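One structure is given below, encoded as structure tokens.
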Amino acid sequence: PVTTVILVAAGSGQRLGYGMPKAAVPLGGETILMHALRGIVASGVSSQVCVVLPEGDDGLRSLCDAFREELADGGPLLTVVDGGPTRADSVRQGIGALMDGIEAVLVHDAARALTPEGVFHRVVDALAAGAEAVIPAVPVVDTVKTVTPTPAGDHAVAPEMVAGTAARENLRAVQTPQGFRAETLRRAHEAAQELEPAEAAAVTDDAMLVEMTGTNVYVVRGSTQSLKITTPLDLIFAEGLLEGPLG
Ligand code: CTP
Ligand code: MG
């Protein structure tokens with residue numbers, strides 16, 4: 001399918017704590033944004049890459065302009081748009097900038113800058129095979145429990161207690177790029193405009209919005225190398241990955 005990758009890079013990077021947007025933070029001598037962009041282009045899946053940047057960030061915009069020059073003829077069209085206050089707002093900005101004739105959209109986090117090409121291919125292959133929505137995911141290594149606040153009398157013991165344990169074999173940690181038929185993603189984000197603020201705040205990925213519309217979301221194998229650079233520890237992992245891939 002003719003595909004656009006929406007690369008969301010408009011976050012502020014609070015948890016990384018560099019005092020600059022995460023996309024601008026250096027990783028192996030380049031910015032996180034440039035690693036993410038090069039990975040997308042190397043995968044060869046996209047006719048258009050739509051980069052969503054923090055509003056007014058001239059530095060990141062210049063990086064994109066320079067990369068556009070670098071792209072050979074026949075490479076993807078590189079579009080830049082301003083992001084919004086939430087990730088979902090930023091994705092919506094990207095959807096508004098899709099070029100004509102786009103059949104499929106991959107939404108990808110710049111924070112997953114080291115995503116291997118194979119993950120892009122598995123997502124696109126599932127779309128080509130007929131999926132309306134597909135996400136890459138990996139098995140969860142930790143045991144995951146739900147918790148609830150302890151009753152008032154027990155506060156001295158601990159602030160919360162276990163409410164239940166999810167069956168780990170059915171759990172997956174979800175990554176990006178998440179792939180959608182263009183119309184499916186558009187409709188899901190339109191429907192999301194009707195959510196109550198509390199519901200909207202609980203939406204952490206695009207697939208969730210598609211799930212709410214009742215459409216099947218298929219799962220393909222992700223990669224442990226697609227870690228989302230969120231905290232300083234993740235940046236150490238990412239630097240280590242650049243030294244040499246995992247076995
Ligand atoms: N993102 C975005 N627009 C926003 C918020 C997030 O485009 N308003 C993007 C980020 O740039 C990132 C991805 O969504 O590539 C995942 O978000 P996250 O890892 O939370 O990044 P930040 O929001 O930048 O980090 P933090 O939450 O620590 O501030
Ligand atoms: Mg965030």
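The values are calculated or read from the model by the stated rules, or taken from the named source; none is laboratory data. Here the structure is a predicted model, which means the values were calculated and not measured. Note: ideal-geometry Cβ built from the backbone for every residue, glycine included; neighbour counts use all protein chains shown.
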Checklist line | Among residues of the stretch 18-31, those that are in contact (Cβ under 8 Å) with a residue 12 or more places away in the chain and more than 8 Å from ligand 1 (Cβ to nearest atom), counted | finding: 5
Next item on the list: Would you mind stating whether ALA104 is within 22 Å of LYS228 (Cα to Cα) and at pLDDT 95 or above?
Entry: no
Item checked: Test: ASP100 is among the acidic types (Asp, Glu), over 27 Å from LEU27 (Cβ atoms) and surrounded by fewer than 14 Cβ atoms within 10 Å (Cβ to Cβ) -> yes
Notebook entry, point to check: Looking at VAL91, VAL41, VAL45, which is the one that is modelled with pLDDT of 95 or more and in contact with a Phe, Trp or Tyr (Cβ under 8 Å, 6 or more places away or on another chain)?
Noted result: VAL45
Margin query: Can you list residue pairs whose Cβ atoms sit under 8 Å apart, with the first residue in the stretch 132-143 being assigned to a strand (DSSP E or B) and the second being at pLDDT 95 or above and among the aromatic types (Phe, Trp, Tyr)? Count only pairs 6 or more apart in sequence or on different chains.
Written below: ALA133/PHE180; ALA133/TYR218; VAL134/PHE180; VAL134/TYR218; ILE135/TYR218
Check: Which one of these is in contact with a strand residue (DSSP E or B) (Cβ under 7 Å, 6 or more places away or on another chain) and either more than 29 Å from LEU27 (Cα to Cα) or of a type in the set (Lys, Arg) (or both): ARG122, ARG112?
Finding: ARG122
Check: Failed condition for ARG172, given (1) within 28 Å of HIS35 (Cα to Cα); (2) more than 16 Å from the chain's Cα centre (by Cα), with all others met?
Finding: (2)
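Tally up the residues in the stretch 104-131 that are on the phi < 0 side of the Ramachandran plot and assigned to a loop (DSSP other than H, G, I, E, B), please.
The total comes to 9.
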Margin query: If I ask for residues that are among the hydroxyl-bearing types (Ser, Thr, Tyr), surrounded by fewer than 24 Cβ atoms within 10 Å (Cβ to Cβ) and over 16 Å from PHE237 (Cα atoms), which ones from the stretch 4-37 would you list?
Written below: SER12, TYR18
Check: So how many residues does the stretch 93-116 have that are over 17 Å from LEU78 (Cβ atoms) and under 10 Å from the mean Cα position of the chain (by Cα)?
Finding: 3
Notebook entry, point to check: Among VAL157, VAL210, which is the only one that is among the hydrophobic types (A, V, I, L, M, F, W, C), part of a helix (DSSP H, G or I) and either in contact with a Lys or Arg (Cβ under 9 Å, 6 or more places away or on another chain) or at pLDDT below 95 (or both)?
Noted result: VAL210
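Give the stretch 38-48 a look and list any residue that's more than 14 Å from the chain's Cα centre (by Cα), of a type in the set (A, V, I, L, M, F, W, C) and either within 16 Å of ligand 2 (Cβ to nearest atom) or surrounded by 21 or more Cβ atoms within 10 Å (Cβ to Cβ) (or both), or say none.
Scanning the stretch 38-48 gives a single hit, VAL45.
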Note to self: Within the stretch 76-86, does at least one residue satisfy the condition of being within 17 Å of LYS228 (Cα to Cα), small (Gly, Ala, Ser), at pLDDT 95 or above and surrounded by 17 or more Cβ atoms within 10 Å (Cβ to Cβ)?
What the structure shows: no
Item checked: Residues (in contact (Cβ under 8 Å) with a residue 60 or more places away in the chain and loosely packed, with under 14 Cβ neighbours inside 10 Å) located in the stretch 205-220 -> ASN216
Checklist line | Flag for LEU185 being in a helix (DSSP H, G or I), touching a strand residue (DSSP E or B) at 6+ places or on another chain (Cβ under 6 Å) and touching a residue at least 12 places away in the same chain (Cβ under 8 Å) | finding: yes
